[in-house]
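Here is the structure we will look at, set down as structure tokens.
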Amino acid sequence: MTDGDKPLRRIAESFKDLAATVNSNADLEVGPFSSACSNVSVLFKCLGIAFKFAELDYVAKVNDLSEASKSISSLQAMLDRDVQKNRVRVAGSHSRNLLRVKRGIDMVKLLFEKIIVAEGNSLKDPASVAYGQVFGPHHGWAVRKAVAAGMYTLPTKSQLLRMLNEDEASARIHMQNYVSASALVIQYVEKLFLSRELGIDW
Ligand code: 1PZ
């Protein structure tokens, strides 16, 4: 990470832009959505080797959405296309990847919420709670065990902030901004699925 780089601010700002689109009642485009989600993957760089498998899975799914943006403009058109082809739940479909990526940004939201109110310097509890709530119900035993083991290797909060070039006060602002903005984006994506009766619990 280069000196002066502010990845946390970049994450928050890209989600603020998406939230502004949602607030204006315009359709969310696949391109800006996937590039905002791709900003989030810098966080993996701070987590170390234990979460490499999560990074690879997340990045592959975001890349799939980014590829899709070359031929499909909006998220809703992307979903409708999979509905038409009867491919929504098929492994590797854009819609399925969208649902997985949505969970990733939801987990980060919950993680930031927990970090903001946490006492002490450990990320283990905030991260475990966020993972358990968002991904726990959808992952098998082996993945859950691997993630639980990885939690012991997380950096401390102050180490994380240093890697992100932030101090407590600035990090809190960017995290809070991400929490508010991502809430709207997550709700928007969930509504795309629910309004088509596609479900979000699979
Ligand atoms: C301090 C932060 C701690 C972060 C801990 C992150 C833990 C996430 C662990 C996820 C393990 C993923 C293993 C692969 C699971 C796949 O089976 C599923 C289903 O994929 P499909 O069958 O549709 O191809 N993939 C997922 O559930 C998506 C996982 C994305 C993980 C993104 C986490 C984002 C959090 C970033 C925090 C830095």
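Taken together, the values in this text are just the output of simple stated rules run on the coordinates, not laboratory data. The structure presented is a predicted model; accordingly, all values stated were derived computationally and were not measured. With ideal geometry, Cβ positions are generated from the backbone for all residues, glycine too; neighbour counts draw on all protein chains shown.
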Principal axes of the stretch 143-202: Cα extent on each, largest first, Å:
43, 32, 11
May I ask you to list the GluC sites (Glu not before Pro) in the stretch 100-202 that are in a DSSP loop and have at most 11 other Cβ atoms within 10 Å of their Cβ?
119, 197
Links that overshoot a 21 Å alpha carbon limit, given the list 6/61; 102/191; 124/145
6/61
Between 104, 48, 120, which gets the highest mean-square fluctuation from a Gaussian network model of the chain, Cα cutoff 10 Å?
120
Once you've got the GNM for the chain with C-alpha springs shorter than 10 Å, pick whichever of 88, 185, 101 has the biggest mean-square fluctuation.
88
Residue span residue 91 to residue 17: 0.36 nm per residue of separation minus Cα-Cα distance leaves a gain in nm of 23.7 nm
Taking every alpha carbon pair in the stretch 92-185 and sorting the distances into 5 angstrom bins from 0 up to the bin holding the longest one, the percent per bin comes out as 2, 13, 21, 23, 19, 13, 6, 2, 0
Projected area averaged over all directions for the convex hull of the alpha carbon atoms of the stretch 1-120, nm², comes out at 9.2
Ranked output for segments 53-63, 9-19 by mean other Cβ atoms within 10 Å, highest leading, reads 9-19, 53-63
Given points 7 Å out from each Cα along the Cα-Cβ axis, report the residue 162 to residue 117 separation in nanometres with one decimal.
2.9
If the elastic network links every pair of Cα atoms under 10 Å, which of 64, 167, 80 fluctuates the most in the Gaussian network model of the chain?
167
What the Cα atoms of the stretch 46-202 span along the principal axes, largest first and in whole Å, is 50, 34, 26
